[in-house]
Structures are given as C-alpha cells and as structure tokens.
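Asks: My questions will all concern the structure given below.
Just so it is clear, none of the values below were taken in a lab; they were calculated from the coordinates. Values in this document were obtained by computation on a predicted structure and should not be read as measured data. Positions of Cβ are generated from backbone atoms using ideal geometry, with glycine treated the same way; all protein chains shown enter the neighbour counts.
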C-alpha cells in the first residue's frame, strides 16, 4: 500500500524549516564548543601554560586509549562498568516504579513508610560501604547493590510525587462514572505520569553512574572506577583523565537513549 504524502500549510512548513535550522544551529554550537574546549586544553599543555602531567591532554588521552586497546583491557573495563550500570539502572527503575505504585495504592502504607524513605534518601550511601562488602563480598553483587540503592529511593520519591499529583477532579469524575481504583490507575494516573517518568529516567541515568563508580571505588577489581582509583594511587593521571572522559561519553550516550525514548513516547501519544 502506498503511503500518503503528508501535506502542510505554508505557515507550518516555515515553522518546521525554522525548527530544523535551529536544531542544526544547536548541534553545530555544541560540537564547536566541544572542539574549542579540546583545542584550548591541548594548546595550553603544548605551550606549557599548565602541567600536562597534572591535567593530561587530549593527545595523551588518545595515546592512553590506544595503549589500553593494545593491551586488550579497554573494552573489558568499559564492558564491566557499563554492565553494572545498566543492570543497576534497570533494577532501580523497575523496583522504584513498582514500590511507588504500591504506596499510591495504599495510603496507610504510604504514611507508614514515607518517613523511612526520606531518611534513607538523606543517608550518605557511601557510609554503607563496609556493610555492603560484608554482605555481598568484593564482586559485582556489591557494586550492583550500591547502584540499586543510589537510584531506588530517587525513583520511588519521584514517581510517588507524580502519582499523588494526578488531577483530583479527574479522579473524582472517574469515580462518579463507576471506575474502579485499578481503572483509575491504568487510565489516568499512569498515563498522566509519563512526563515525570521520563524525568525520573534522566535523573537516574546520573544516579546509576554515581552508584556504579562509587561501588567500584570500594570493592572493584575491574571497571572504569577501578582504573581511576588505580591511576590515582600510582600517579598515572593520564589513566584517570582517560577513564573520566570515557565515563562522560558513556553517560551522554545513555542520556540520549532516554531522550530518544521520550521522543518516541511523545510521537505515539500524538498519533
């Protein structure tokens, strides 16, 4: 079947063209700013304005990446950290969403547990490091648990606030029409909380990386966090900066995947 060609008014066509131009401009400025920062960084080290031993440089980072690749350890460390981060992120999001639903469903349960959730959110998770080592040992389980607890409370509080903020008048309207609590949840509360869900995902991307690197600082024998700790201990600051830059790239990639998911959800809701 032939797909119908979509037609736009002249005004709408101009709007779309302007938006495309603005998108190109934004991306050009983003890339230009990045190249400017890298260029100034390299230039300042080459001219001796700053000590390249202390701050490294793009060229030294490139050489370090090449060295790790030749040693066969580059993708091993990246894969270790990426796997721990993704699994912890998914667990935190799924469990946090489910617990938030349960707390919305039962007001009594919410009133009982809410103070404890607030206290757990305020607790510095790094303080649990020694206990996590005792409970889970020094392997990936400890890092996954650290990643989970860092993102879990954030997911619970963010989604619970979104569920509670659902328009009360709409809830009363559905109740007056004989809707059950489950129908209110599925037809109103969950759909209206989609923007907050996307916002929670964006926040938890950062929290997941914080949790996994924090866990690797404490117990890991592999991963980018391990390379940062090791590089600092033996004063291989090129290794520290290289690992940090790789973390930035991975975190940005994960964030843009969430942005892509947001666009798909918006597109589906409009169609």
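Asks: If I model a spin label as a point 7 Å beyond the Cα along the Cα-Cβ vector, how far apart are those points for residue 135 and residue 40 in nm?
Replies: 4.4 nm
Asks: With a 10 Å radius around each residue's Cβ, average the other Cβ atoms per peptide and rank 67-79, 202-214, 87-99, highest first.
Replies: Working: 67-79: 13.5, 202-214: 22.2, 87-99: 19.3.
Result, highest mean first: 202-214, 87-99, 67-79.
Asks: Given the DSSP H assignment, sum -39500 (n - 2.57) over each helix run of at least 4 residues in the chain and divide by its residue total; what's the result at 222 nm in deg cm²/dmol, nearest 500? Don't jump to the answer; show the numbers that get you there.
Replies: Details: 12 runs with 219 residues, N = 271.
Theoretical 222 nm ellipticity from helices: -27500 deg cm²/dmol.
Asks: Shape call for the range 154-271 from the C-alpha gyration tensor, a ≥ b ≥ c root eigenvalues: rounded (a/c under 1.5), prolate (a/b greater than b/c) or oblate? If you can, show how the numbers build up before the last one.
Replies: Values: a/c = 5.15, a/b = 2.77, b/c = 1.86.
Verdict is prolate for the range 154-271.
Asks: Given the options 196, 56, 180, state which has the largest fluctuation in a GNM of the chain using a 10 Å cut-off (strictly under) for Cα springs.
Replies: 180
Asks: Give me 84, 262 sorted ascending by neighbouring Cβ count inside 10 Å, so fewest comes first. Before the final figure, lay out the partial values.
Replies: Numbers: 84 29, 262 17.
Ordered by Cβ neighbours within 10 Å, fewest first: 262, 84.
Asks: So, one more: Hey, quick one: spin label on residue 181, modelled 7 Å out along Cα-Cβ, who in the range 94-116 has an amide N within reach, i.e. under 11 Å?
Replies: 102-110
Asks: Apply the a/c threshold of 1.5 to the C-alpha gyration tensor of the chain and tell me whether it is rounded, prolate or oblate.
Replies: It comes out oblate by the Cα gyration axes.
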